[in-house]
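Below is one structure, written out as structure tokens, with a few remarks after it.
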Amino acid sequence: MQQAISAGHETTLAVAKEILLAKGNAFDAAIAAHFTMFIAEPCMASAGGNGFALTRTAAGDIQFFDFFCQTPINKNTLNGLDFYPVKIDFGSDSETFHVGLGAAAVPGSIAGVFEMHRKFGTIPMKELVQPAIQLAKEGVPLDTFQAFDFQLLEPIFRQDPNVRGIFFKGDGKIKEEGDLIQMSGMADFLTFISMEGERGFYQGEIAKKIAEDSQQRGGFLTRADFENYQVNVLDPLKFNYKNRHIYLPNGPSKGGAILAMMLSQANENESSLALAIEKTQRMVADESKIKTHLDQLVPDNNFNFQPSVSSNRGTSHFNILDRWGNAVSLTSSIGEGCGYFIPDTNMQLNNMLGEIFLLPDGAHSWEPDTRLHSMMTPTMVTQKNGDLEFIAGSGGAGRIPFAIGQVIFQLYEKQKNLRQSTQHPRVHFQEGKFQIERGFDFSLKKENTVFWENLAMYFGGVHSIFNDGKKLEAVGDVRRFGVAEVF
């Protein structure tokens, strides 16, 4: 059987392919690829970050791995809190995020890959970290997409003088496309955890150092936060669509429910699709009613969801299908990063508590010891007989489930091939406006409609794999410089 990968960076793909060619399975490849993202995609992945993954074994068992961030167990005094605004300039617009140790939640990435390895890994962890270690020492050139993110996040990278040599040139300017990124501290860190396991991170010196810095400098994280962190392995949300079964992340992801609600309201034309997106956006504006609306549109679902804080920024995704039929769909994030890099590791902590516009009662109104929410939506579709047919995921903040849903709509409702479905113009509805890529067939006349002349990063980056039993295809979305390969 052929194998396939689609990803957000060519180096991430190359490492996953290397593991598959060495007779590793999709889970081995996903672990090595996720470590590689720490150096190749440092704006979207880190040991200080988190993620969701759908996994499928060759026998057909699909599980949802939740290794997203957890809020701290306790709130300490806000006196001297390390929590401050940073303005990010998007060119035509700007947005303020909050960074500092007071914006950091408990990270889950390291626990997530070790849990996946325990369940499904076949290659020793010491070998799976080697490609990322080598890349961290030798360096990875900045690609177009990462260089764009470096420009956006420059104010955050300037917060920690210990890592300026990684992200800035000798003249003090942020590194640009083609410049080399090297992380010697990351190489040492990966060597350490490959020997010590996740205990070295959550129960050892790394957790101790983060907790000490957090308490001394004005953060919330303590040793207990790390010692009590757990990966949740759950049944995915499942619903029927076009004689297929769609598998999606369960709570704490909102994305799975949103995608299901959107598709259940769209019929054969694109105007109905646009209206379904608008209706779904209005339905999910109140988190407490998401389950109620889903129950009405998709009866007998197993969605388990409790309202919490959401964080949707700084995401990347990859999919892997191996020769035996094992598959992984994994999305990761660090938000924007909080500007604090774990000493001697080059790994930045997330700022998942820093998007205060998501907190209706203001900064620090989050509930303690609670799993945060995300729109990240790794997705799988099987035929009725259980054969895996489609694997996908996307970056794109709050647009993620809507972007994936539109590819599914074009693939199954419009019967387009995978590349056509991915490159077809998209629509999104947000803050009372329809955003539309030129060419989307939207015949309804609406006020406040904004047209985009070209395929745009705003509309997500749906990387995917499709196998109908006749042909295996893989596509990386050009909107986010995705890459893909079948071999």
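One table, with the values for the structure above:
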item	result
Filtered residues of region 161-199 (kept if touching a Ser or Thr at 6+ places or on another chain (Cβ under 9 Å) and not aliphatic (A, V, I, L, M))	E177, G185, D188, F189, F192
Single unsatisfied condition, I166 versus (1) within 24 Å of I193 (Cβ to Cβ); (2) of a type in the set (A, V, I, L, M, F, W, C); (3) touching a Leu at 6+ places or on another chain (Cβ under 9 Å)	(3)
Residue match in region 142-151 (condition: in contact (Cβ under 8 Å) with a residue 60 or more places away in the chain, loosely packed, with under 15 Cβ neighbours inside 10 Å and either within 12 Å of I39 (Cα to Cα) or β-branched (V, I, T) (or both))	yes
Region 164-184, subset more than 24 Å from the chain's Cα centre (by Cα) and part of a helix (DSSP H, G or I), residue nearest to G121 (Cα to Cα)	S184
Number of positions in region 1-15 that are out of contact with any Lys or Arg (no Cβ under 7 Å at 6 or more places or on another chain) and surrounded by fewer than 24 Cβ atoms within 10 Å (Cβ to Cβ)	4
Pairs, first farther than 16 Å from N346 by Cα in region 28-51, second surrounded by fewer than 24 Cβ atoms within 10 Å (Cβ to Cβ) and small (G, A, S), C-beta under 8 Å, six or more apart	D28/G121; I31/G121; A32/G24
Hits in region 35-75 (condition: of a type in the set (S, T, Y) and within 12 Å of the chain's Cα centre (by Cα))	S46
Enumeration of residues in region 471-487 that are under 14 Å from F390 (Cβ atoms) and in a loop (DSSP other than H, G, I, E, B)	K471
F402 surrounded by 24 or more Cβ atoms within 10 Å (Cβ to Cβ), of a type in the set (F, W, Y) and either modelled with pLDDT of 95 or more or not in a loop (DSSP other than H, G, I, E, B) (or both)	yes
V450 vs. criteria in contact with a Leu (Cβ under 9 Å, 6 or more places away or on another chain) and either among the aliphatic types (A, V, I, L, M) or assigned to a loop (DSSP other than H, G, I, E, B) (or both)	no
A103 within 21 Å of L190 (Cβ to Cβ) and in contact (Cβ under 8 Å) with a residue 60 or more places away in the chain	no
Set P131, P124, P72: member being without any contact (Cβ under 8 Å) to a residue 24 or more places away in the chain and either at positive phi or in contact with a helix residue (DSSP H, G or I) (Cβ under 9 Å, 6 or more places away or on another chain) (or both)	P124
Hits in region 439-473 (condition: out of contact with any helix residue (DSSP H, G or I) (no Cβ under 8 Å at 6 or more places or on another chain) and of a type in the set (G, A, S))	G439, G469
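The values are calculated or read from the model by the stated rules, or taken from the named source; none is laboratory data. Everything numeric here is computed off the predicted structure, so don't read it as measured data. In this analysis, Cβ positions are derived from the backbone assuming ideal geometry, glycine residues included, and neighbour counts consider all displayed protein chains.
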